[in-house]
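Remarks on the structure that follows.
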Amino acid sequence: MPSKDLDILKKFFAQNNGVKFIRLHWVDYSGVLRTRIIPRARSIRLATGSDTYHLAQNCMICPISTSPRCFPLKVEDWTLYPDWTSLMLCGFAPTHASV
């Protein structure tokens with residue numbers, strides 16, 4: 001699927017050359033919308049599959065009853081997979097888009 005993702009991203013950047021940053025949005029387990037901002041170059045690496053975006057365990061705040069297990073040597077993490085079909089301009093930030 002990375003080639004389809006890259007095609008979407010390239011077409012978007014061709015039409016919106018002023019976009020320099022992509023806002024990655026997700027909803028954590030407590031229902032709060034979270035955002036990380038990445039530069040354009042990293043978004044291209046994500047779309048090609050040559051890079052991944054990991055979230056630390058504390059970025060997915062959740063009730064203790066459903067919290068992930070912590071291991072002594074490693075904390076669990078999650079990988080974000082952007083849905084590039086949802087890519088759109090941020091009207092309030094002209095050099096930003098969101099996904």
Practice problem: Keeping to the range 42-62, report how many residues are of a type in the set (A, V, I, L, M) and at pLDDT below 70. | Solution: 3
Quiz item: Looking at R23, R42, R36, which is the one that is of a type in the set (K, R), part of a helix (DSSP H, G or I) and surrounded by 13 or more Cβ atoms within 10 Å (Cβ to Cβ)?
Solution: R42
Self-check item: Residues located in the range 10-34, provided they are over 14 Å from Y81 (Cα atoms), of a type in the set (A, V, I, L, M) and at pLDDT 85 or above
Solution: A14, V19, L33
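The values are calculated or read from the model by the stated rules, or taken from the named source; none is laboratory data. Values in this document were obtained by computation on a predicted structure and should not be read as measured data. Every residue, glycine among them, receives a Cβ derived from its backbone with ideal geometry; neighbour counts consider all protein chains shown.
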